[in-house]
Amino acid sequence: MRTATVTRQTRETDITVTVCLDGGAVDIATGIGFFDHMLEAFAVHGGLGLTVRCTGDLHVDGHHTVEDVGIVLGDAIAKALGDKSGIQRYGSFYLPMDESLAYAGVDVCGQPLEQALAFAALDISGRPYLEYNGSFKQEKVGDYDTCLTPEFFRALAFHAGITLHARVEVNGNAHHVIEALFKAVAHALAQAVSPKEGTLSTKGKLD
């Protein structure tokens, strides 16, 4: 089983993440309800076992918690991948989200539906990079600041050694847009870490 545990302690956050790339239990607690929901979706749609425990300075705001969880999760994924041999390396995915209670293009209150569509493509290359293109109609979802979304993905990509492209194709309700992004990246990651014999590089190694 490709599993790793990473702990990181600073004056701002105290975080432990355990990840299993081959599946397992999911148990998330960061102190930010919507972020917990997104991490759970990331794990379930990525086929990951994931445990996250975070105590952060939420009396300031959620920035350190969200970014630092991305750092530790990225470190754990990189550790679980080892030398990155035996994986597909690349993955990409479009993910749509729409209202669950809908008929004929309107919601249950007769308002036009707000659709969301996100795209993600990634390369587990050892060369970290984020290309992000997206915005949100709302500044907050619950106690989560929507502007922290690219901060999470940047931290994840740079610490996992991933080249990641993530973008919003159709911008609807912020909850659905962010959820679509997390799920799209998760599906792309699941493709990329799936087994493949050898190392997918003409150099013979990924770094």
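The values are calculated or read from the model by the stated rules, or taken from the named source; none is laboratory data. All of these numbers come straight from a predicted model, not from anything done at the bench. Backbone-built Cβ (ideal geometry, glycine too); neighbour counts: all protein chains shown.
A few remarks follow.
- Test: residue in region 21-36 that is surrounded by fewer than 15 Cβ atoms within 10 Å (Cβ to Cβ), of a type in the set (A, V, I, L, M) and either touching a residue at least 12 places away in the same chain (Cβ under 8 Å) or over 24 Å from Thr163 (Cα atoms) (or both): yes
- Of the residues making up region 144-164, those that are among the aromatic types (Phe, Trp, Tyr), in a helix (DSSP H, G or I) and crowded, with 20+ Cβ neighbours inside 10 Å number 2.
Residues checked against (1) modelled with pLDDT under 95; (2) of a type in the set (Phe, Trp, Tyr):
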{"residue": "Gly86", "(1), (2)": "yes, no"}
{"residue": "Tyr94", "(1), (2)": "no, yes"}
{"residue": "Ser100", "(1), (2)": "yes, no"}
{"residue": "Val106", "(1), (2)": "yes, no"}
{"residue": "Ala118", "(1), (2)": "no, no"}
{"residue": "Asp123", "(1), (2)": "no, no"}
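- All positions within region 40-70 that are surrounded by 23 or more Cβ atoms within 10 Å (Cβ to Cβ) and of a type in the set (Val, Ile, Thr): Val52, Thr65, Val66, Val69
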